[in-house]
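One structure below.
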Amino acid sequence: MDARAEQRRKAAVGHALPHDSAHLHVSGRAAYTDDLPEPRDLLHVAVGMSSKAHARLCAVDLGEVLAAEGVVDVCVAADIPGENNCGPIVHDEKIYATDMVEYAGQAIFAVAAKTVEQARRAALLAAIDYEELEPILDPLTAVEKGSFVLPSETLARGDAATAISDAPRRLQRRVTIGGQDQFYLEGHIAMCLPQEDNGLLVYSSTQHPDEVQHLVAQATGRPAKDVVCICRRMGGAFGGKESQAATIACMAALMTVKTGRPCKLRLDRDVDMIMTGKRHDFVVDYDVGFDDTGRIRGIDFTFASRCGISADLSGPVNDRTMFHCDNAYFLENVSIVSHRCKTNTVSNTAFRGFGGPQGMAAIEYVIDDIARTLGLDPLDVRRRNFYGIGERDVTQYGQVVEDNILGMIADKLEANADYRARRAAIHEFNASSAILKRGIALTPVKFGISFTATHLNQAGALVHVYKDGSVHLNHGGTEMGQGLFIKVAQVLADELGVPVSAIRINAADTSKVPNASATAASSGSDMNGKAAQIAARKIRERLTAFAARYFSVKESAIDFFDGKVTVGSDTLDFAQLVQLAWLDRVSLSATGFYKTPKINYDRDTFSGRPFFYFAYGAAVSEVIVDTLTGENRILRVDIVHDCGDSLNPAVDLGQVEGGFVQGAGWLTAEELWWNDAGELQTHAPSTYKIPTCSDLAPEFNVTLLENAANREDTVYRSKAVGEPPLMLAISVLHAIRDAIATESNPLPALDTPATPEAVLRAIEAVQS
């Protein structure tokens, strides 16, 4: 990078600028989908849901629904002019049930009324006659009965069976890893407005406007050109609005088509949690052979995930589990079987980490078990199994780990957190404390960045420079609070040499940037930042060529910085140059397109390079456990995380902190529970516990790794930070295990979530 480019870089990129909407968030003026002005003739939509987990629909009488106060119309499957499908990949999920329902909460019809309350009350009045069938409610039953949404997959390297049997030591165990509700602050919502000539305008709280556009078009029997989807911001998403937002949008749009009026569908919290998919829960069986130092010789994994009634995103989610069940460790001989189980529960979907956390939690459980069996410090066993540099550096799917900084991060964190001394102090504390027990654990993270579906690794951007020097920015990414928009604006500011305040960041809009991938897979800044950078460079190059010609200087004598343009020894305002260029009929608008390089992956063989690069991190967590109640608290957290050359350290710091807390919630508090009838019982804040301020560690130390520029040519050599930090919280689970383990029973059977009840059960099992 030359000196001028480095100077441009320091103007905006790399600085801890506030979120672009921070002033709107804190003042309550940030407009979400439900805040948009409502047309005078707007109808409100509610969903009529199944009360049975598995049943034939013998009769559906909506007479009382239609007769209810304020009701204008109802919509059922027979009213759909296009395709009754909202499956994002496999066309296996209906918008409205027809002859059968397959989970408690499945949509059977929708009702439109003049007010929200009228619609919701009317939806409860349907008379439905069911013929109940036996439901399948858990993955193990599904495996036993051969019930799958997709074929099972196998990934293998070496000879795991022989390596396990020949190893000096062997362990076998079954571990249950719980699911998690996204619990976004803003629930699912969509508003559809009819446009002239059969057009539809859809405002949707979605991570994937392109998919909403296409599925709405498909359901309403229109070409995509007649549907526009817009999303300015979401009040959280975490993967829950990647595929399933389209269902809500389709229901609103179908009612608009039927009534000819604008329609809005906003799910309340209970309905949202019942109707929408969550993080997949897994049953994991492992069989591992290892030596007396703790090094793994061979391992066999079997994963069975609860997918629900349809494929949704379960294919790529479970694929990523298979890719990440190595985490930071070289598995020379490995066999992985993945069952994608069909159950009579809501179809599970994307959640931050997208299957990676479950795979990483599994291997960390294995490593912890090995260490405790041998009476070794788990950190030492982790180090012995780390990927090497130049050796032991190829993943089970064939990608070389070229950028390995695991050892360096572990060294830095071990020193920062004073791990060894604290571990010794905790041992002394526990020896003298009969009831309260402390524990500590250090766990690493290696997370692959890119969509595993190669074709999704593409992005577009649209940039306009107006003749007054102000700038308009659109790109295909969506803002869900994660700071994507400010990061892309910073990139644009530095490329054009203007302050961030000169840039107007506009909503994701399918009429501005078409065919965009979802904002997911931690790829938002990588891809949209690059696309915006490419568009901005086109404009800057045009301006540079014009200025060189106009002022009779070489292009090398021209530079853009801080709203100024240096032309040889002279300086003028950026706006002045833009005005001159406009008068000379220079194009001041450009699109940018980016596709992630180096991706070469064969889905049929599960081999190749599915990831552009890896993001790394590690965390030390210390906890205290009350052995009489199972209650536990996080006392201290120390983190070192790799963001490459950070685009915005403030945003990245927030992502690391928030991701860790969300991961801790998944592993310790957030319990999803269905009764024997297949009804979700934890569908409100009163029964589903997310972390609160009181759950935060009193001491929380986060260090972003410095001087760690990405080796790959990402935007300004940054690294993704959306998903990887969540897995840092695996350290909390193993700190709890460390606290309750005893010399007589060093392997406490602690499944997740490690709620106080689960911890108490594990303690009682240890003591028995």
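Quick notes on this structure:
- Under the condition of being closer than 17 Å to Asp300 by Cβ and either surrounded by fewer than 17 Cβ atoms within 10 Å (Cβ to Cβ) or free of Cβ contacts under 8 Å to residues at least 12 places away in the same chain (or both), the residues counted in the stretch 144-167 number 9.
Rundown of residues vs (1) under 30 Å from Val366 (Cβ atoms); (2) in contact with a helix residue (DSSP H, G or I) (Cβ under 7 Å, 6 or more places away or on another chain); (3) not charged (D, E, K, R), yes/no style:
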position	(1), (2), (3)
Lys467	no, yes, no
Gly477	no, yes, yes
Met480	no, no, yes
Lys487	no, yes, no
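- Taking the stretch 418-447 as the range and being part of a helix (DSSP H, G or I), of a type in the set (A, V, I, L, M) and either in contact (Cβ under 8 Å) with a residue 40 or more places away in the chain or closer than 10 Å to Glu622 by Cα (or both) as the test, only Ile426 passes.
- Number of residues in the stretch 292-308 that are closer than 17 Å to Asp166 by Cβ and surrounded by fewer than 24 Cβ atoms within 10 Å (Cβ to Cβ) equals 6.
- The residue of the stretch 601-615 that is surrounded by the fewest Cβ atoms within 10 Å (Cβ to Cβ), among those that are outside any loop (DSSP other than H, G, I, E, B) and touching a residue at least 24 places away in the same chain (Cβ under 8 Å), is Gly608.
- Here the stretch 582-600 is the region considered, the condition is being outside any strand (DSSP E or B) and β-branched (Val, Ile, Thr), and the residue that is nearest to Val488 (Cα to Cα) is Thr596.
- Among the residues listed as Gly481, Gly476, the single one being more than 18 Å from Lys538 (Cβ to Cβ), buried (at least 19 other Cβ atoms within 10 Å of the Cβ) and among the small types (Gly, Ala, Ser): Gly481
- When the criteria are applied in full, Gly239 meets the requirement of being touching a Lys or Arg at 6+ places or on another chain (Cβ under 6 Å) and either crowded, with 24+ Cβ neighbours inside 10 Å or in a strand (DSSP E or B) (or both).
- Of the residues examined, Ala664 is one that is crowded, with 24+ Cβ neighbours inside 10 Å, of a type in the set (A, V, I, L, M) and in a helix (DSSP H, G or I).
- Scanning the stretch 9-58 for residues that are buried (at least 19 other Cβ atoms within 10 Å of the Cβ) and closer than 30 Å to Val651 by Cα returns Arg9, Ala11, Ala12, Val13, Leu17, His19, Asp20, Ser21, Thr33.
The rows are residues; the columns are (1) of a type in the set (S, T, N, Q); (2) more than 25 Å from Asn528 (Cβ to Cβ).
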position: Asp166; (1), (2): no, yes
position: Leu185; (1), (2): no, no
position: Pro194; (1), (2): no, yes
position: His208; (1), (2): no, no
position: Gln213; (1), (2): yes, no
position: Arg222; (1), (2): no, yes
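- Residue ranges of strands (runs of 3 or more DSSP E) in the stretch 502-573 with at least 3 members over 21 Å from Met480 (Cβ atoms): 558-561, 564-567, 570-573
- Matching option when the condition is in contact with a Cys (Cβ under 7 Å, 6 or more places away or on another chain) and among the aliphatic types (A, V, I, L, M), among Ala520, Ala508, Ala535: Ala508
- Leading residue by the ranking (nearest to Asn385 (Cα to Cα)) among those in the stretch 269-298 that are part of a helix (DSSP H, G or I) and not hydrophobic (A, V, I, L, M, F, W, C): Asp272
Laboratory data are not the source of any read-out in this text; all were calculated from the coordinates shown. None of the values given here were measured: they were computed from a predicted structure. Heads up, the Cβs are rebuilt from the backbone with ideal geometry, glycines too, and the neighbour counts pull from every protein chain shown.
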